[in-house]
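Written below as structure tokens is the structure these notes are about.
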Amino acid sequence: MAANNRRMSGKKGAQVGSGGQRRKGLEGRGPTPPAEMRKGHKKNRISNAKAKQAVRRPTPRGRGGKGTSELVVGRNPVVEALREGVPASTLYVQQFIDNDERVREALQLAAERGGINLMEAPRPELDRMTNGLNHQGLVLQVPPYEYAHPEDLAGAAADAGEDPLIVALDGVTDPRNLGAVVRSVSAFGGHGVVVPERRAAGMTAGAWKTSAGAAARTPVARATNLTRALEAYKKAGLVVVGLAADGEADLGDLQALDGPVVIVVGSEGKGLSRLVGETCDVRVRIPMPGGAESLNAGVAAGIVLYEAARRRR
């Protein structure tokens, strides 16, 4: 009988009252993460090394200079930035993250685009990087934008055998307005946008998203001093046209749009600054029968660019 008991105890298989542990063990654990995210994988080690080198490497400065790197924080913002083609160098993913649809989509978009390092990081490290913001386990690093020089925009028009059509922004601080202007310049055949180096919107992730991809083909130049940049354009033969509610000329009567021109758009509240307004060759108003006091920079620039494109056909 003892021998029989020993044979029974050596049997394999689920024991009575196992609580369904065998069934749980057969459940899937979700899709396999990319090689760059699998700890110990060769591609993971290479990706992490590249990301660390990119952080340490000093940023070279071009003619127009470079902006600063930016972090897009949170699952929805990161996914939206990747969908819109915002340039990115590294996607940081929290270790042991809850793998929901947004995390999977972010990993898939980054892998499909290529050139984006995938780096796994512990939560305390992401907290430190984002200064305690609610990153939800996803952080996207956007590299510094490489600005053109104002002279480059007129030079590109000359190389194409066209009269320059450039928009300069004076005191516009909302990146979404900048993105909208870049989109309009691209749509109506303009040659670029000029922004001041200080107290002005730059090419952030928000500006990239609003441009709907136009920022990839329309250069943005940064001027140390906008007034001096406009004076240089005047010496090169461009007409500087400022938009102002109390302008002395009507948009429909402006012949300068037929030739080389710089359209200067001020902020919605303050308009053109005094020095910039005095530098303009002519100040133009947009007729508004509806009685609106002002238009935001994106709308105003779009109207004038459409009129310029219509005359240049």
>> Just to verify a result, which residue in the stretch 195-218, among those that are within 9 Å of Val182 (Cβ to Cβ) and over 10 Å from the mean Cα position of the chain (by Cα), is surrounded by the most Cβ atoms within 10 Å (Cβ to Cβ)?
In response: Thr218
> For the stretch 85-142, which strands (runs of 3 or more DSSP E) that fit wholly inside it have 3 or more residues that are under 19 Å from the mean Cα position of the chain (by Cα)?
Replying inline: 90-94, 138-142
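Would you please name the residue that is farthest from Glu248 (Cα to Cα), looking only at residues in the stretch 266-300 that are in a helix (DSSP H, G or I) and among the charged types (D, E, K, R)? Break it down into steps so the answer makes sense when it comes.
Of the stretch 266-300, the ones in a helix (DSSP H, G or I) are 274-279, 297-300.
Filter once more, so that each one left must be among the charged types (D, E, K, R): 274, 278.
Details: Arg274: 16, Glu278: 13 Å.
The qualifying residue farthest from Glu248 (Cα to Cα) is Arg274.
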> Does Ala168 meet the test of being within 19 Å of Val262 (Cα to Cα) and either free of Cβ contacts under 8 Å to residues at least 60 places away in the same chain or surrounded by fewer than 19 Cβ atoms within 10 Å (Cβ to Cβ) (or both)?
Replying inline: no
>> Can you tell me which of (1) touching a strand residue (DSSP E or B) at 6+ places or on another chain (Cβ under 6 Å); (2) surrounded by fewer than 18 Cβ atoms within 10 Å (Cβ to Cβ) is the one Ala160 doesn't meet?
In response: (1)
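For the stretch 150-263, which helices (runs of 4 or more DSSP H) that fit wholly inside it have 3 or more residues that are over 24 Å from Leu295 (Cβ atoms)? Walk me through how you get there before you give the answer.
Working: elements: 150-159, 175-187, 205-211, 226-235.
Fully inside the stretch 150-263 and qualifying: 150-159, 226-235.
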> Pairs under 7 Å by beta carbon, first residue over 12 Å from Leu138 (Cβ atoms) in the stretch 98-124, partner open to solvent by less than 40 Å² (accessible area, probe 1.4 Å) and aliphatic (A, V, I, L, M), six or more apart or different chains?
Replying inline: Ile116/Ala88; Ile116/Leu91; Ile116/Ala110; Asn117/Ala51
> Can you tell me which residues in the stretch 228-280 are among the aliphatic types (A, V, I, L, M) and closer than 17 Å to Val299 by Cβ?
Replying inline: Val241, Leu243, Ala244, Ala245, Leu251, Ile263, Val264, Val265, Leu272
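The values are calculated or read from the model by the stated rules, or taken from the named source; none is laboratory data. Computed from a predicted model, the values in this text were never measured in an experiment. For neighbour counting, all protein chains shown are included, and Cβ atoms are generated from backbone atoms with ideal geometry for every residue, glycine included. What goes into the accessible areas is simple: the full protein's heavy atoms, side chains included, and nothing from ligands, DNA or RNA. Shrake-Rupley method; radii C 1.70, N 1.55, O 1.52, S 1.80 Å.
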